[in-house]
Amino acid sequence: MTPAALAPAPALPATQAWLTRLNLNLAHRRVQQDLADAAGLHRRVMKLVPEELGDSPRAGAGVLFRLDTQHVGPPVLLVQSRVPVQPERLPAGYAQVTTRDMAPMLSALRPGLPVRYRLVGNTVRRCGRNSTAGAWKQAIALHGDDAANWWAEKATVCGLVLHAGTAEPVDALVSWHASPAAPPAAVVKPTTHRIARAATLFEGTATVRDAEALREALLHGVGRSKNYGCGLLSLAPAAR
């Protein structure tokens, strides 16, 4: 590993972030490949930010992303980052890209502010040592009321008071990974294994209770599997 890879990422300003919207071109071969593999989509997203960000580049650049498909038209890839993106590093014709500064929104958060929220969360529970649901540390997917309770607990920590909302399961986030290497004599061709991560889309209205906790959640994400498209919490103004 190079010295640059070992260097810690620089400190990031408290309210500096950008939200980039990519209207994906479904006719593009690279888009089709990336949509079939959450790990590949993560690698594509990381092309948008500078290299040499330390040994945890996603966290170093404050990158969170979400694939929005719950609307008419092609899917939209939202990428949040704490450093300016470099869309010229995408393949030609990959997407139409627009970016906006999040600093005004982050600075405007205050207790009592009504907001609309959207989040795709990796709704799982890790089994304890004495669990009867599975092996120790095994991830058990949550659905229905269990998934809603997962978000209710997270929202409280995030500084939100929830009001009306929905919790809808979305397609599992599938990624493909190289299988552990077999003994050389047994290797015929590289093999991969499939990992599917449970995800739920949460949408609704809430009131800000703790602005600082909410800024922390917005900038650092909510829950697990941030490398695979979970954890990006989006806010918009809501009518009182």
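Just so you know, all these numbers are worked out from the coordinates, no wet-lab data involved. Quantities reported herein were computed from a predicted structural model and do not represent experimental measurements. Note that each Cβ is placed from the backbone with ideal geometry, even for glycine, and that neighbours are counted across all protein chains shown.
Put in order of Cβ neighbour count within 10 Å, fewest first, the listed residues C230, C158 become C158, C230.
Can you sort D55, D210 by how many other beta carbons sit within 10 Å, fewest first? Before the final figure, lay out each step's value.
Details: D55 12, D210 17.
Ascending number of Cβ neighbours within 10 Å: D55, D210.
Normalised by the number of residues in the range 1-108, the average gap of Cα pairs under 8 Å and 6 or more apart makes the relative contact order 44 percent. Look at where the Cα atoms of the range 204-240 and of the range 42-89 average out, and the two centres are 17 Å apart.
Give the shape of the range 22-129 as rounded, prolate or oblate, defined through the alpha-carbon gyration tensor: a ≥ b ≥ c are the square roots of its eigenvalues, a/c under 1.5 means rounded, and otherwise the shape is prolate if a/b is larger than b/c and oblate if not.
Values: a/c = 1.32, a/b = 1.23, b/c = 1.07.
In terms of gyration-tensor shape, rounded.
Can you put T207, T98 in order, fewest other beta carbons within 10 Å first?
Values: T207 16, T98 11.
Going from sparsest to densest Cβ surroundings: T98, T207.
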